[in-house]
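Each remark here refers to the structure printed beneath this line.
Bear in mind these aren't lab numbers, they're just calculated from the coordinates by the rules spelled out. Everything numeric in this text was worked out from a predicted model, so none of it was measured. Cβ placement follows ideal geometry from the backbone for every residue including glycine, while neighbour counts extend to all protein chains displayed.
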């Protein structure tokens, strides 16, 4: 794959899509889809469906797309340091899984000196607040953490800001380590190269 055929725009997008793909069921082409594709081919129409201008799945089957995403996740597991990997897993895994939970707990232990509050439970909830998305974040709010552990909301907020900086630095270091490999392998490329 050359840079102009890069699948993803950035390391962040590659990680986001790849971890999201890991939560989706593997689907097979149904009879209706096969018929529609054959009719489109017979009519001389392109079979690729442009889903997003920043993703380039042209020429890849759904299984090949899943394979590319699995390679991205494998690169995280094999080419980043444990804390960097934990920061990436905690941030990009869209749903709570064993790996995400282990990552959050590892980050909690790593950030021990950064916290100004005591107790492993409120610290774990602060990490979950930082790394949660959607409805999970709506449940794990600063106010809820403060209320549950009889802390001031400003103290919880200060801890979230401080711990978030540590986690962001670790995640960025891991992503920086992956970028040259992803670029070399043609997984990522810039928008200018893609437009050429």
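The packing ranking of peptides 151-164, 132-145, highest mean first, is 151-164, 132-145, where packing means the average number of other beta carbon atoms within 10 angstrom of each residue.
Between residue 147 and residue 58, the contour length at 0.36 nm per residue exceeds the Cα-Cα span by 27.0 nm.
So for segment 82-176, averaging the separation of alpha carbon pairs under 8 Å that are six or more residues apart and normalising by length, what relative contact order in percent results?
Values: 93 pairs, mean separation 33.6, N = 95.
About 35 percent, as a whole number.
Sorted ascending by nearby beta carbons within 10 Å, beginning with the fewest, 112, 185 become 112, 185. Packing order of peptides 7-19, 88-100, highest average first: 7-19, 88-100 (average count of other Cβ atoms within 10 Å over each peptide's residues). Over the C-alpha trace of segment 82-176, radius of gyration and Dmax come out as 12.4, 39 angstrom. Remark: spin-label model distance residue 183-residue 105 equals 3.8 nm, labels positioned 7 Å along the Cα→Cβ axis.
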